[in-house]
Ligand SMILES: Nc1ncnc2c1ncn2[C@@H]1O[C@H](COP(=O)(O)OP(=O)(O)OP(=O)(O)O)[C@@H](O)[C@H]1O
Ligand SMILES: [Mg+2]
């Protein structure tokens, strides 16, 4: 790709970008949120027409009119946002548009399709039932299905736009072995990820974009993580674990949860959250952390006692939780956190209308100045406050969800995987923000699957395994080993 230009109204997304991909190589494409990575890939696959520039594919001019044409030419993409049908089965999703039909009938041959799906999934070592409805799988499993779907076409070029954001470590391992296998067969891959450790593990070369511009391409083996960060954001960012907590041991209890039970998974979870504290929730994926918080937040039916500032409260639905000053940032923001077809402003103040509205009208000025304050604070990259959220880059959409709960001024904030899909620069801004919020007396629960993040942010670390809370460790005593051992500690129930 040479001299690729792309403008959206108000945004110069690609400024003369170049990109080169060799046969059988795994090439990382990195850059901050909004740098233009997804747009460049949408240009390559014909989803989004370029304004100018040139694409050569196997030496020939290539100008796909749409993703179908790109796919027929052997270029496939796995999107950052899942794009499949929840109500269809795994097999139906895998073969959508190319269903198996019996020889002499127009009816779909479900059986044959399920069999083909089962073979494909087995070949890729994916433990997924082809007849299950897609919507019933975890986000990670859905992502694996999308990967299987892409692999099932015979591709020369496979683009993976942040495939790992929702995967467990095991799933990431599986993904990497699939990728290595494809590379050995000559398939070239473009790998987009904000997890820089992965870049070193799986890629041969790295290309960096910054602000729609091409910064450079280098061999991965010649680059350190800090050099990549420096190319991406133009500065070095240091990450250090928290060595001690500044929250006094006698700080008032902001939230107390006793014997919370929900569904099949959550079993008698009890903990206290102090004012000004960041309580990390660690555990393997599937440990029941999200389920616990959903129960606490009233999104799912639950049993147990919840107290805010010493007062027992009843939470039957999320509105009750919001009323009592609990804000929840879902890990699945597309599904629960955002109205994609509304503007940045509308999304930001969505949870706060009753606070902001005075009498019968909403003071627009106030809404706009609040939104613009938080858009600035969080460095949300948007051409205007009226931009529709669906047009923002993935990471910037996440910042809008955070803005929403900050504007709402909740006293207890539950952050579920707050930095998933967020670039290193924005990540450290969000960390600073969380620290500031805690200093200002807010109490924060942070679920994170990245142990580094847990160790860096938490005052105490709660660990869950199979729906039980298996222990709470003070940050000065917390190590990766201790957390992992509690995360895999079966059966024993620890409550305090
Ligand atoms: N359809 C669109 N309409 C308007 N602006 C858009 C559209 N798509 C992308 N943009 C803008 O183009 C810029 C580049 O976005 P892009 O999605 O390519 O970023 P990215 O590098 O993939 O970021 P992330 O890491 O957050 O996914 C952003 O400023 C984004 O808001
Ligand atoms: Mg993107």
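Laboratory data are not the source of any read-out in this text; all were calculated from the coordinates shown. All values reported here derive from a predicted model rather than from experimental measurement. Positions of Cβ are backbone-derived with ideal geometry, glycine not excepted, and every protein chain shown enters the neighbour counts.
Quick notes on this structure:
- Ranked 384, 193, 458, criterion: other C-beta atoms within 10 Å, fewest first: 384, 193, 458
- Beta bridges from DSSP with both residues in segment 253-487: antiparallel share about 55 percent, rounded to the nearest 5.
- Spin-label zone in segment 295-326 - amide nitrogen under 16 Å from a point set 7 Å from the Cα of residue 261 along the C-beta vector: 295-296, 301-306
- The slack in the chain from residue 244 to residue 153, taken as 0.36 nm per residue of separation less the alpha-carbon distance, amounts to 27.6 nm.
- Inter-probe distance in nm under a simple model that places probes 7 Å from Cα toward Cβ, at residue 366 and residue 219: 6.2
- Segment residue 51-residue 479, extension gain: residue separation times 0.36 nm, minus the distance between their alpha carbons: 148.9 nm
- By other beta-carbon atoms within 10 Å, ranking 250, 416, 474 with the fewest at the front produces 250, 474, 416.
- If you plug the beta carbon distance of residue 268 and residue 201 into 1/(1 + (r/R0)^6) with R0 = 56 Å, you get a FRET efficiency near 0.90.
- Kirkwood Rh, angstrom, segment 407-496 [1 / mean 1/r, Cα pairs]: 14.2
- Each label point was placed 7 Å from the Cα along the Cα-to-Cβ direction; for residue 253 and residue 313 their separation is 1.6 nm.
- Gained length - residue 133 relative to residue 340, 0.36 nm times residue gap less alpha-carbon distance: 72.1 nm
- Pairwise Cα inverse-distance average, inverted: Kirkwood Rh of the chain (Å): 24.2
- Each of 47, 402, 367 was scored by other Cβ atoms within 10 Å of its Cβ. Arranged with the fewest first, they read 47, 367, 402.
- Treating each Cα of segment 2-233 as an identical point scatterer and summing with the Debye formula, the log10 of I(q)/I(0) at q = 0.10, 0.12 Å⁻¹ comes to -0.48, -0.69.
- Rounded to the nearest 5, the antiparallel percentage of DSSP beta bridges internal to the chain is 55%.
- Segment 253-487 - convex hull of alpha carbons, volume per residue in Å³: 119
- R0 of 25 Å, Cβ-Cβ distance residue 490-residue 177: FRET efficiency to nearest 0.05: 0.35
- Working note: 222 nm ellipticity from helices only, DSSP H runs with n ≥ 4, each -39,500 (n - 2.57), summed and divided by the residues of the chain, gives -9500 deg cm²/dmol to the nearest 500.
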